Amino acid sequence: MNWLTPLQYPFMVEALLISVLIGSVCAVLSCYLVLKGWSLMGDAISHAVLPGIVIAYMLGLPLAVGAFAAGLFCAMATGWIKACTRIKEDTVMGIVFTGMFAFGLVLFTKVQTDAHLNHILFGNILGIERADLLQTIIAAVITLSVVLIMRKDLMLFCFDPAHARAIGLNTTLMHYVLLSLLSGTIVASMQAVGILLVVAMLVTPGCTARLLTDRFDRMLMIATASSVLASCLGVYVSFFINGTTGACIVLAQTLLFLLAFATSKWRTRSV
Amino acid sequence: MTPPLSIEVSNVTVAYPNGLTALSDATFTLKQGTIAALVGVNGSGKSTLFKAIMGFVQPVSGSIRLAGDTVKESRKHKLVAYVPQSEEVDWTFPVSVWDVVMMGRYGHMNFLRIPSAEDKRMVRESLARVGMTDFQERQIGELSGGQKKRVFLARALAQNGQIILLDEPFTGVDVTTEEAIIELLRALRDEGRIILVSTHNLGSVPEFCDQVVLVNRTVLAAGPLEEVFTEDNLSRAFGGVLRQFHFESSTIQDHDGKTVKLLTDDERPLVFGKDGHLEYKDRSEREELVKQREKIEDGRVNDE
Amino acid sequence: MTDLLTPFEYDYMLKAILVSGLIGGVCAFLSCFITLKGWSLMGDALSHAVVPGVSLAWIIGLPFSVGAFITGILAALTMGWIKRKSALREDAVIGVVFTSWFALGLLLLSLYPSHLNLKTIIFGNILAISDPDILQVLTIAGLSIIVLTIKWRDLLLYCFDEAHARAIGLNTGFLHFLLLSLLAATAVAALQTVGACLVVAMLVTPGATAYLLTDRFGRMLVIATLTGALCGITGAYASYFINGSTGGCIVVLQTLVFLTALIFAPKHGLLATRRLRRLATQSFTPTSMEKAGAAS
């Protein structure tokens, strides 16, 4: 077995291509989440999609549709409870997403579809089925194009919502657009890294890029580059060590983050 | 025998890790039984000075002595009490007025923090002193702005802090409460405590202070009110931030009875008379003080 | 009627019910501090960060709780360190660190399977808990209860007003670390009951429920602890009948109790606030007229 062996298998090539796609979608969105302070929101929505998936399975709908709806429901329920009570937002989010995840879990044990649970939780990029692959690609492409089209507006919304409203942007709409994009991204990356680790894909690249630059445009590029690199590296390494692919991708992300962290420290010290 | 109460700040420089020097070479001394105003614009280093006195930040150079001890040693005596700005407090926290004031006693309690009869007596007294006894069962969020301030002042009393630091105590407080608080501060001064009040509201300073510390990245001037609060010093401390309005003799006409009425919003205006002497409400009482002080200083000169 | 008592005839059910109740109570006690301090994300992070410790402890041959506790604390220290040394927001730093730790745990578990399998760690499996593990859980819970009963007033003061706590001579650095340690310890204890993904519910929901019901911290502690313990007991009991995940049942129950409090709480519930608002709008016109009249 040499270093090129993985590329001789069609499933590996496919997995590498998907990871490029998903890596870039997550990276672009992560820049917004990191600046907006929505890391926990990413974590919450990714767990909350579980009941949606189970219900969609029961109704015979595409899993992606159920997951997307559940993700949005979690975000909206959080916003609503936050507005009605004096409880802090992070607490509300913790309650809503764990409640939904637990509900999904109980529902799941009643429905008996054990084959898929591990794939949903931990991802299964090396063995994605055709139908799932199609859903993943559609979700990723739609999300990526919407973000790229609206990137200036979204940036303004994250940086200064009051100003965004003043110049006539519909900030409520932007809020839900960003939430939908988040749900869409989670649905897309669900098959690759699983819902338990998606949040890493949605936070780490943005942080890595933020350490290396002060410009938003450059941040988008660096985040995408590091995320794609990490995803490919993770898939590639997991082939050799035979470990969970999702975990390998996330650890590769961490490695790049640590490199960026060391570089930024070294740079500030030398200045 | 404990040494007399005092705050001695000498040549203190404070720098933050990000390289910003918040305060450089600050020096001033406050003696027992004074109310001092710490005056400066936002970002002038007022809160840094507070943090240094409470020991939250370590000066890069210089020293702070509280009653002769270093800040660290003085913490054993629970000497310093702090009344926070209203914005720093989480008013939805599920604690009652009584609970908050009792927190002032924690430093004096045993390991398990079970209040003794003495602790309860102190809390009751402190509440009575600020006139909040009737509100002791209220959750702290259910109070008005002035009542909230008084609760935290009661906590400082319960702590029996000899040096009391107040951070912007008069923002969001109506004039009646402001006067009540000033009254209380005067009583505390007469007991020999040192009260240091940070404020950017110039007009209220002459009403309650006898010492002033002017800061702008360093201590520009410190000393008795009459000496420090001059137009010259203030314009150095506030730069171009102050707005001026001169009443010339043409404005003050004989047919007005030689009086001019000033209207402002809730912040008190600062008024200088002819030759730059300060105008304020309780002048009659203060004239005595000024004369006394002059006598003492004359006496000192004669001694030398 | 006899059907309802069947769960108690099984030894393993009895153990599960009692352990769930105990852990539910301890977590709930701590949850009062976590919700007020705004550390929900930290609870979620530490409950994931303990996972690699389980695997490492198995490899070295230590009790799982020791390894899990150490990695939890290490994760917290890493977060603090990166936070201090960079300009990143705290939530982002927490996100990066805990997911890395968790991924490491998953990888280790896939490479070196331990006595607790992946599913147990992620979702908990209180029904199959072994006696040595029960002993570990009991020790952690006991220690946490002792520390909390001794130090709860100091922790309360630390959560409410850190500056004052320092001014009166409390060691706030120590209190911060104590709260983190308690968080890591209870996360370890709850790991086998509800699993890494749902521990945060035990550490947040009861506190928030109690916060809706009272304005006094003492009462909040009592209400939260009772809710947590009762939900633990009832959830474990109910899971026998619906034959579903025990952890899932406990957390669903806690969420339902929270929702009930959210709607019906006497002062801070939705119905109560709505009624107050209506009263305010109704009485607005006459009283303002009166005031105007009195002023003139």
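Using only Cα atoms, figure out Rg for the stretch C:41-86 and give it as a multiple of 2.2 N^0.38 Å. Numbers along the way, then the final one.
On the way: Rg = 11.5 Å, N = 46, 2.2 N^0.38 = 9.4 Å.
Cα-based Rg divided by the globular estimate yields 1.22.
Please state the relative contact order of the stretch A:195-271 as a whole percent: Cα pairs under 8 Å, 6+ residues apart? Before the final figure, lay out each step's value.
Details: 70 pairs, mean separation 26.9, N = 77.
It rounds to 35 percent for the stretch A:195-271.
Of all alpha-carbon pairs in the stretch A:1-144, indicate the percentage at a distance above 22 angstrom. Walk me through the numbers on the way to the answer.
On the way: 5012 of 10296 pairs.
Of the Cα pairs, 49 percent sit more than 22 Å apart.
Would you be so kind as to identify which of C:T227, C:A196, C:T139 lies farthest towards the positive end of the dipole of chain C, taking Lys and Arg as +1 and Asp and Glu as -1 on Cβ and the Cα centre as origin?
Going by the Cα projections, it comes out as C:T227.
May I ask you to give the solvent-accessible area per residue for the protein assembly as shown, in square angstrom, as obtained with a 1.4 angstrom probe? Walk me through the numbers on the way to the answer.
Numbers: 37890 Å² over 871 residues.
On a per-residue basis, 43 Å².
How long are the semi-axes of the equivalent ellipsoid of the protein assembly as shown, defined as square roots of 5 times the Cα gyration tensor eigenvalues? Whole Å, largest first.
That gives 56, 32, 27 Å for the three semi-axes.
Work out the mean other chain Cβ neighbour count within 10 Å for the residues of B:128-140 and drop it here as an integer. Don't skip to the end; give the middle numbers.
Values: counts 0, 0, 0, 0, 0, 0, 0, 0, 0, 2, 1, 4, 2.
What the average comes to for B:128-140 is 1.
Report Rg/Rh for chain C, rounded to two decimals, where Rg is the Cα radius of gyration and Rh the Kirkwood radius.
On the way: Rg = 22.0 Å, Rh = 20.5 Å.
So for chain C, dividing Rg by the Kirkwood Rh gives 1.07.
DSSP loop (so not H, G, I, E, B), at most 12 other Cβ within 10 Å: list which trypsin sites (Lys or Arg not before Pro) in the stretch C:111-203 pass both filters. Write out the running numbers ahead of the final one.
Working: sites: C:K119, C:K151, C:R153, C:R166; in loops: none.
Here no trypsin sites (Lys or Arg not before Pro) fit, given the DSSP loop and packing criteria.
What distance in nm lies between label points placed 7 Å from Cα along the C-beta direction at B:E183 and A:Y176?
5.6
Where is the GNM fluctuation largest for chain A (alpha-carbon springs, 10 angstrom cutoff): A:C74, A:C84, A:C26?
Highest fluctuation of the listed residues: A:C84.
Going through the DSSP H helices of chain A, which span 30 Å or more along their own axis at the Cα atoms while scoring at least -1.0 as a mean Kyte-Doolittle hydropathy? It would help to have the intermediate numbers written out before the result.
Numbers: long enough: A:10-36 (39 Å, 1.96); A:39-59 (31 Å, 1.45); A:63-84 (32 Å, 1.58); A:89-111 (33 Å, 1.37); A:171-193 (32 Å, 1.33); A:216-241 (36 Å, 1.52); A:245-270 (38 Å, 0.80).
For chain A, where a helix must reach 30 Å along its axis and average at least -1.0, the hits are A:10-36, A:39-59, A:63-84, A:89-111, A:171-193, A:216-241, A:245-270.
Of the heavy-atom accessible surface of the stretch C:3-284 (probe 1.4 angstrom), what whole percent is carbon and sulfur? If you can, show how the numbers build up before the last one.
Working: 7180 of 10350 Å².
On the stretch C:3-284, the fraction of accessible area on carbon and sulfur atoms equals 69 percent.
Ignoring ligands, DNA and RNA and using a 1.4 Å probe, state the total buried accessible area between C and A in Å², rounded to the nearest 100. List each step's numbers first, then the result.
Values: alone 15230 and 13460 Å², together 24120 Å².
When C and A are taken together, about 4600 Å² of accessible area is lost.
I'd like the residues of the stretch B:79-106 whose 1.4 Å-probe accessible area shrinks by no less than 30 Å² going from the isolated chain to the full set of protein chains.
Buried-area filter returns B:Y82, B:D90, B:T92, B:F93, B:P94, B:M103, B:Y106.
Whole-Hz ³J(HN,Hα) for each residue in the stretch B:65-73, computed from phi via Karplus 6.51 cos²θ - 1.76 cosθ + 1.60 with θ = phi - 60°, x for glycine and proline: what do you get?
Values per residue, Gly and Pro as x: 10, 10, 6, x, 9, 6, 4, 5, 5 Hz.
Where the accessible area of the stretch A:1-99 is counted over protein heavy atoms with a 1.4 Å probe, how much of it, in %, is carbon and sulfur?
Working: 2650 of 3620 Å².
Within the stretch A:1-99, the accessible surface is 73 percent carbon and sulfur.
Given the rule -39500 (n - 2.57) for each run of at least 4 DSSP H residues, summed and divided by the residues of chain A, what is its mean residue ellipticity at 222 nm, to the nearest 500 deg cm²/dmol?
Theoretical 222 nm ellipticity from helices: -28500 deg cm²/dmol.
Evaluate the charge dipole of the stretch A:86-224 about its Cα centre and quote only its size in Debye, nearest 20, assuming +1 on the Cβ of each Lys and Arg and -1 on the Cβ of each Asp and Glu. Mind showing how you got there, number by number?
Working: 10 positive and 9 negative charges, 49 e Å.
Here the size comes out at about 240 debye.
What does the buried accessible surface come to for B and C, summed over both chains, with the probe at 1.4 Å? Round to 100 Å².
Adding both sides of the contact gives about 2500 Å².
Per-residue ellipticity at 222 nm for chain C, helices alone: DSSP H runs ≥ 4 residues times -39500 (n - 2.57), over residue total, nearest 500 deg cm²/dmol?
-28000 deg cm²/dmol, from helical runs alone.
What angle do you read, to the nearest 10 degrees and between 0 and 90, between the alpha-carbon axis of helix C:51-60 and the longest principal axis of chain C?
Taking the Cα atoms of chain C, the angle to C:51-60 is about 20 degrees.
On the first, second and third principal axes, largest extent first, how far apart are the outermost C-alpha atoms of chain A in Å?
Ordered largest first, chain A gives principal extents of 60, 59, 30 Å.
Name the residue farthest towards the positive end of the dipole of chain A from the options A:A131, A:P10, A:L154, assuming +1 on Cβ of Lys and Arg, -1 on Cβ of Asp and Glu, about the Cα centre.
Ranked along the dipole, the leading option is A:L154.
Remind me, relative contact order of the stretch C:3-284 in percent, using alpha carbon pairs under 8 angstrom and six or more residues apart? Walk me through the numbers before you get to the answer.
Details: 423 pairs, mean separation 88.0, N = 282.
Relative contact order, the stretch C:3-284: 31 percent.
Compare A:V28, A:V20, A:V49 in a GNM of chain A, Cα atoms joined below 10 Å, and give the one with the largest fluctuation.
Answer for the Gaussian network model of chain A: A:V20.
Mind checking the stretch B:98-172 for trypsin sites (Lys or Arg not before Pro) that DSSP puts in a loop (not H, G, I, E or B) and that have at most 10 other Cβ atoms within 10 Å?
Details: sites: B:R105, B:R113, B:K120, B:R121, B:R124, B:R129, B:R138, B:K148, B:K149, B:R150, B:R155; in loops: B:R105, B:R113, B:R138.
Loop-located and lightly packed - none at all.
Relative contact order (percent) for chain A, with alpha-carbon contacts under 8 angstrom and 6 or more residues of separation? Intermediate results must be reported in sequence, preceding the final value.
Working: 373 pairs, mean separation 80.3, N = 271.
Rounded, it is 30 percent for chain A.
Taking each residue in A:243-250, count the Cβ atoms of any other chain within 10 Å of its Cβ, then average. What number comes out? Kindly include the intermediate steps, with their values, before the conclusion.
Values: counts 6, 8, 2, 4, 12, 4, 1, 9.
Average per residue, whole number: 6.
I'd like the distance separating the alpha-carbon centroids of the stretch A:204-271 and the stretch C:122-148, in whole Å.
What the calculation gives is 37 Å, centre to centre.
Quote the charge dipole size of the protein assembly as shown about the Cα centre in Debye, to the nearest 20; the model charges only the Cβ of Lys and Arg (+1) and of Asp and Glu (-1). Present the calculation step by step, with values, prior to reporting the outcome.
Details: 69 positive and 69 negative charges, 256 e Å.
It comes to approximately 1220 debye.
Taking the stretch B:111-216, which chymotrypsin sites (Phe, Trp or Tyr not before Pro) meet the DSSP loop condition and have no more than 13 other C-beta atoms within 10 Å?
Values: sites: B:F111, B:F135, B:F152, B:F170, B:F208; in loops: B:F111, B:F170.
Passing both the DSSP loop test and the Cβ count: B:F111.
For peptide C:196-205, compute the average count of partner chain beta-carbon atoms within 10 Å of each residue's beta-carbon. Spell out each step's value before the answer.
Numbers: counts 1, 10, 7, 1, 8, 7, 1, 2, 9, 6.
Across the residues of C:196-205, the mean count of other-chain Cβ atoms within 10 Å is 5.
The values are calculated or read from the model by the stated rules, or taken from the named source; none is laboratory data. Since the structure is predicted, the reported quantities are computational estimates derived from the model, not experimental observations. Neighbour counts are summed over all protein chains in view; Cβ atoms, including those assigned to glycine, are modelled from backbone coordinates with ideal geometry. For accessibility, only protein heavy atoms count, side chains too; no ligands or nucleic acids. Shrake-Rupley method; radii C 1.70, N 1.55, O 1.52, S 1.80 Å.
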